[in-house]
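The structure appears below as structure tokens.
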Amino acid sequence: MRVEVIPGPVAGLVEFSGCLGVGIGRWNGMRAPVKGTFDVEFDVSLPVHWSSVDVLEGRGDDRVEISAVDPELVDFFGRVLDCDEEGVLSLSVGPTHLLLDTTGEPILGVVGQRVRVSGLALEVFPYEL
């Protein structure tokens, strides 16, 4: 995914904006972050507890996909594609898919629903095409 990046308020963090919205994450590049445009992949390294997932059918803004909520955390908005028996949540976020490991008891009937996943610490990995 292509995003605009600027160094964040805390060393090692970057603020980014792109087709999914704006957010903040920990930079995992070989060099220190600089202002510019980068192709990146996102990763959420810690499992997400189901208490951090809210079903938004009939509520929320379909245009917002990522939103910075804290100096180090973001919310993702997307549609649940699947949740397998091992607790891997597949989420459609704009034009991309995000796989999240989960803990706790899944929400019944969540597949196909629009959700907000709150308070994620995002890892940002730049790469070259």
Has region 85-93 got any residue that is at pLDDT below 95, acidic (Asp, Glu) and either over 18 Å from Val115 (Cα atoms) or assigned to a loop (DSSP other than H, G, I, E, B) (or both)?
yes
Return the residues of region 105-116 that are assigned to a loop (DSSP other than H, G, I, E, B) and either at pLDDT 95 or above or not acidic (Asp, Glu) (or both); say none if nothing qualifies.
Pro106, Ile107, Leu108, Gly109, Val110, Val111, Gly112, Gln113
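Suppose the filter is touching a strand residue (DSSP E or B) at 6+ places or on another chain (Cβ under 8 Å), within 14 Å of Gly23 (Cα to Cα) and among the small types (Gly, Ala, Ser); does Ser67 pass it?
Yes.
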Within region 96-104, identify whether any single residue is without any contact (Cβ under 8 Å) to a residue 40 or more places away in the chain, part of a strand (DSSP E or B) and farther than 30 Å from Ala11 by Cβ, and answer yes or no.
yes
Positions within region 67-84 being in a loop (DSSP other than H, G, I, E, B) and free of Cβ contacts under 8 Å to residues at least 40 places away in the same chain, in sequence order:
Asp84
Criterion violated by Asp70 - all others in (1) more than 25 Å from Val10 (Cα to Cα); (2) at pLDDT below 90; (3) surrounded by fewer than 16 Cβ atoms within 10 Å (Cβ to Cβ) satisfied
(1)
Out of region 14-50, which residues are in a strand (DSSP E or B), hydrophobic (A, V, I, L, M, F, W, C) and surrounded by 19 or more Cβ atoms within 10 Å (Cβ to Cβ)?
Val14, Phe16, Ile24, Trp27, Phe38, Val40, Phe42, Val48
Answer with yes or no whether Arg2 is under 19 Å from Val124 (Cα atoms), loosely packed, with under 12 Cβ neighbours inside 10 Å and at pLDDT 90 or above.
yes
Give the residue that is farthest from the chain's Cα centre (by Cα), with candidates limited to residues of region 6-36 that are closer than 13 Å to Pro126 by Cβ and in contact (Cβ under 8 Å) with a residue 60 or more places away in the chain.
Gly29
Filtering region 65-99 down to residues that are of a type in the set (D, E, K, R) and within 13 Å of the chain's Cα centre (by Cα) yields Glu65, Glu72, Asp75, Arg79
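The values are calculated or read from the model by the stated rules, or taken from the named source; none is laboratory data. Since we're looking at a predicted model, the values are computed, not measured. Note that each Cβ is placed from the backbone with ideal geometry, even for glycine, and that neighbours are counted across all protein chains shown.
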